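Input: a single structure, listed below in structure tokens.
The values are calculated or read from the model by the stated rules, or taken from the named source; none is laboratory data. Just so you know, these numbers come straight off a predicted model, no measurement behind them. Here the Cβ positions follow ideal geometry from the backbone for every residue, glycine too, while neighbour counts run over all protein chains shown.
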Amino acid sequence: MSGHQYSGEGDVHRSLAIMWEYDEAAGTRGPKPQLSVRRIVDEAIRVADTEGLEALSMRRVASELGVGTMSLYRYVPGKAELLDLMLDRVNELPENATLGDDWRTAMETMARGLWALYTEHRWLPLVDQSRPVLGPNSMASFELALASLDDAGLSDQERVAVITLIDSFVQGAARMVNAPVLAERRTGITDHDFWQAQAPVMEAAMRTGAYPHMQRLTEDAFAQPAEEFFEFGMTWLLDGLEVQVRSRA
């Protein structure tokens with residue numbers, strides 16, 4: 001896989017059929033199959049987590065599993081469908097998952113879960129999911145989020161908007177935090193060295209007096225730890241939503 005990644009670019013019918021029969025190789029009599037969809041998808045996620053989606057291919061996953069590439073095609077049609085399966089797999093909820101007793105607690109729990117998801121799987125926020133292929137894990141996660149907003153007094157459109165708004169914020173925050181790590185892995189140049197290379201030009205630009213507001217910024221203005229930035233944004237976002245919910249009551 002290379003370049004920008006999109007969900008739903010493969011055979012949607014095949015992706016759905018595999019997702020909704022996810023454990024098709026489990027529970028059968030006789031010797032345990034060498035492969036299963038779950039094992040293939042989990043290995044693909046491991047490769048993407050370690051080296052990024054650009055390192056992912058059917059050949060690479062097969063190599064990591066110690067099998068021939070053609071063996072994978074018995075389970076997954078191709079790399080586009082594999083990505084769809086990966087996207088659903090990472091959304092798998094723990095057994096008896098709950099979000100909270102009230103809508104705000106639930107949305108905080110959801111946001112923290114998304115933050116962990118998007119920062120653990122750094123490739124995930126980079127995938128364009130404007131055309132998602134809805135598997136059982138994605139559906140279960142969305143169902144749980146919708147149910148947690150039952151007490152908020154919102155319309156259906158507003159409930160969907162709240163979930164989308166929080167997810168969009170967390171994705172954006174995670175992309176910003178993940179980007180330096182991914183850039184260093186891609187280029188071999190540390191974030192510190194990259195900005196140091198620009199320092200002489202930036203210092204000269206500041207001396208012109210053309211950027212007074214930037215010049216007055218403290219040295220630590222861009223040094224807020226990732227977790228603090230996430231907590232700050234999430235709190236302000238939920239505070240604003242709470243004002244709207246209370247106005248309905």
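Could you list, in sequence order, the residues of segment 208-239 that are surrounded by fewer than 10 Cβ atoms within 10 Å (Cβ to Cβ) and either touching a Gly at 6+ places or on another chain (Cβ under 6 Å) or more than 30 Å from Thr105 (Cβ to Cβ) (or both)?
Thr208, Gly209, Ala210, Pro212, His213, Arg216, Thr218, Glu219, Asp220, Ala221, Phe222, Ala223 - these are the residues of segment 208-239 that are surrounded by fewer than 10 Cβ atoms within 10 Å (Cβ to Cβ) and either touching a Gly at 6+ places or on another chain (Cβ under 6 Å) or more than 30 Å from Thr105 (Cβ to Cβ) (or both).
List the number of the failed condition for Ala111; all other conditions in (1) surrounded by fewer than 14 Cβ atoms within 10 Å (Cβ to Cβ); (2) under 19 Å from Met234 (Cβ atoms) hold.
For Ala111, the failing item is (1).
Answer yes if at least one residue in segment 166-189 is under 30 Å from Arg216 (Cα atoms), more than 18 Å from the chain's Cα centre (by Cα), assigned by TED's automatic domain parsing to the domain that holds Leu237 and part of a helix (DSSP H, G or I), and no otherwise.
Yes, because at least one residue in segment 166-189 is under 30 Å from Arg216 (Cα atoms), more than 18 Å from the chain's Cα centre (by Cα), assigned by TED's automatic domain parsing to the domain that holds Leu237 and part of a helix (DSSP H, G or I).
When you scan segment 54-129 for helices (runs of 4 or more DSSP H) that lie fully inside it, which ones turn up with 2 or more residues that are out of contact with any Leu (no Cβ under 8 Å at 6 or more places or on another chain) and more than 21 Å from Phe230 (Cβ to Cβ)?
Working: elements: 58-65, 69-72, 79-89, 103-120.
Answer list for segment 54-129: 58-65, 69-72, 79-89.
Working carefully through the options Leu93, Leu87, find the one that is surrounded by fewer than 18 Cβ atoms within 10 Å (Cβ to Cβ) and in contact with a Ser or Thr (Cβ under 8 Å, 6 or more places away or on another chain).
Numbers: Leu87 fails: surrounded by fewer than 18 Cβ atoms within 10 Å (Cβ to Cβ).
Only one candidate qualifies: Leu93.
For segment 30-53: of the residues being of a type in the set (A, V, I, L, M), without any contact (Cβ under 8 Å) to a residue 60 or more places away in the chain and not in a loop (DSSP other than H, G, I, E, B), which is nearest to Glu92 (Cα to Cα)?
Val41
So which residues in segment 192-212 are of a type in the set (Val, Ile, Thr) and not in a helix (DSSP H, G or I), if there are any at all?
Kept after step one, since they are of a type in the set (Val, Ile, Thr), are these residues of segment 192-212: 201, 208.
Scanning segment 192-212 gives a single hit, Thr208.
Of the residues that make up segment 150-163, is at least one touching a residue at least 60 places away in the same chain (Cβ under 8 Å), within 24 Å of Glu51 (Cα to Cα) and within 24 Å of the chain's Cα centre (by Cα)?
Taking segment 150-163 first, the residues touching a residue at least 60 places away in the same chain (Cβ under 8 Å) are 152-154, 162.
Going one step further and asking which of them are within 24 Å of Glu51 (Cα to Cα), we end up with none.
No.
Suppose we filter Val201, Val181 for residues that are of a type outside the set (Asp, Glu) and surrounded by 11 or more Cβ atoms within 10 Å (Cβ to Cβ); which single one remains?
That would be Val181, the only listed residue that is of a type outside the set (Asp, Glu) and surrounded by 11 or more Cβ atoms within 10 Å (Cβ to Cβ).
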